[in-house]
Structure formats: structure tokens, C-alpha cells
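Nothing in this text is a laboratory measurement; each read-out follows from the coordinates by a stated rule. Source: prediction; values computed, not measured. Cβ coordinates were reconstructed from backbone atoms using ideal geometry, including for glycine residues, and neighbour counts include every protein chain displayed.
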Amino acid sequence: MAQLVVALDFPTREEALALASRLRGLVPWCKVGMELFSLAGPPVLAELRTMGFRVFLDLKFYDIPHTVAQAVRAAAAGGADMLTLHTQGGERMCREACEAARSCARPPLLFGVTVLTSFGPGQMPGIAQEPGQFALELSDMAAAWGLDGVVCSGQEAASIKARNPRLACLCPGIRPASSAADDQCRIMTPAAAVAAGADYLVVGRPITRAADPVAAAQAIVQEMGS
Ligand code: C5P
């Protein structure tokens, strides 16, 4: 059964926690990304865990292998249940991150970012390949290097699952039929992403900017079939 992750992309800790408290019991995961983590730091992870959420720390690590491995340890100690790193960081970086995760008291799930859902054809700097095809190739590598899953568009989930059934697919770029695409490009509805095999749906603005965020989250959960 696919799980919903709400992206708490807010300019203040108070706004993020206020929405989280309204979504308790309805949404199992909260995503803390660059914006919220940069202003609120690790204490917000602990606060969300205390509220009963599982915490996805989406900082998209990309650095030399040692630095990323140490960052994985720090994030796990700070309360992250799941975190992201770039598959384009390469084999050594990803394998050392996996080793670091396994050494943690509470090992976090590691997801490799493939191609950002905001990229359309011809938009990736220096990469001529079509985004979906490139995401597929990076997913094969992520599986070989031991990552738990990949961040991909729902449009790629079915092909990724067919080639690597063990790999979990975490899909942003989710847009209910009536929502604006915003800056996302490779989008899918919640129902279509679930049908394609997505394991986690990451949803930000269709919930956070809705007139009634709880109703918006409820509608997505219903569409996901949970
Ligand atoms: O508001 P929206 O639903 O577009 O938010 C999607 C969330 O997923 C954002 O927090 C963004 O950082 C994240 N994300 C993404 N594409 C990726 C990885 C993460 O949109 N490849």
C-alpha cells in the first residue's frame, strides 16, 4: 500500500508544525526539506517524531563519499527515518552512504534522486538523454549499489519496478487532476502514480496551499485507495 508524504515546505517552523498537527493520524510521513531544515534545524525532526510522524529528511546529499557517509550518520542520529542523496554522486558515494546507514542504531532508508521532476526533455544541463530514460539507467545503478529506493516521477515508476522490483519508488510531482503543475514538469495524479507502482507519494503545494489542507490531504488519501 502506497504511503503519503506531506512536504512541509514553509518559511517558518510554526507554520510547518501547525499543519503537521492538523494532519496527525491522516498522513504517516512528513518531509523536511532544505527550506524548513535551514531555518529550524534538527529540533524540528524530533518534534515531528514526537507528534507520531515518520520523518523524511530531503537534503539531497551530493559530496565526496566520506562527507556524505558522515552526513548520513548525523541525519540518522538527528531523527531521520528516510533521506535522499543524488545517484549522480556515483558508486563510491552511494555504497559508503549505505554502509554508514547500516551502522546506525536506527538505520534510515536511503533514496537516490534520479532526475528531478521539474526537468523536462532537453532541460538537463549537459545531458542529451530523455529524462525518463536517464532516470531508468540511474535506478539500475541505485539498485546495484544497495540503495533502498529512488526518487523518480510517477511516469517512470512502472518501468523502474519492472526492472528492479526490490527498489522502492518515491514520487514527487504528484498533482490531483484539478491542481496547478507549478514548477513541476513530469507530473502524475495520485491514482495514476499508485497504479504505476509508486510506494511513496510526496505532495507539497496541492496540500500546503489548499484553502482546506486537511480536506485536500483526505481527498488524496482516498484517491490513493487507502
Ligand atoms: O509542492 P510540490 O508537491 O511540487 O512539492 C514536491 C516536493 O518534492 C518538494 O518539497 C520538492 O523539494 C520535492 N522533490 C521534487 N522532486 C524531486 C525530489 C524532491 O519535487 N526529484
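All of ASP58, ASP9 fail the test of being in contact with a Gly (Cβ under 9 Å, 6 or more places away or on another chain), touching a residue at least 40 places away in the same chain (Cβ under 8 Å) and farther than 18 Å from GLY112 by Cβ, apart from ASP9. Any idea how many residues of the stretch 23-44 are more than 25 Å from MET224 (Cβ to Cβ) and in a helix (DSSP H, G or I)? Summing the residues that are more than 25 Å from MET224 (Cβ to Cβ) and in a helix (DSSP H, G or I) in the stretch 23-44 gives 8.
Residues of the stretch 98-115 that are over 13 Å from CYS169 (Cα atoms) and either among the hydroxyl-bearing types (Ser, Thr, Tyr) or outside any helix (DSSP H, G or I) (or both): SER103, CYS104, ALA105, ARG106, PRO107, PRO108. Please state which of the following conditions GLU35 fails to meet, knowing it meets all the rest: (1) within 14 Å of the ligand (Cβ to nearest atom); (2) out of contact with any Pro (no Cβ under 8 Å at 6 or more places or on another chain). Condition not satisfied by GLU35: (2).
Out of all the residues in the stretch 153-162, is one or more small (Gly, Ala, Ser), loosely packed, with under 15 Cβ neighbours inside 10 Å and closer than 24 Å to ARG54 by Cβ? For the stretch 153-162, residues small (Gly, Ala, Ser), loosely packed, with under 15 Cβ neighbours inside 10 Å and closer than 24 Å to ARG54 by Cβ: absent.
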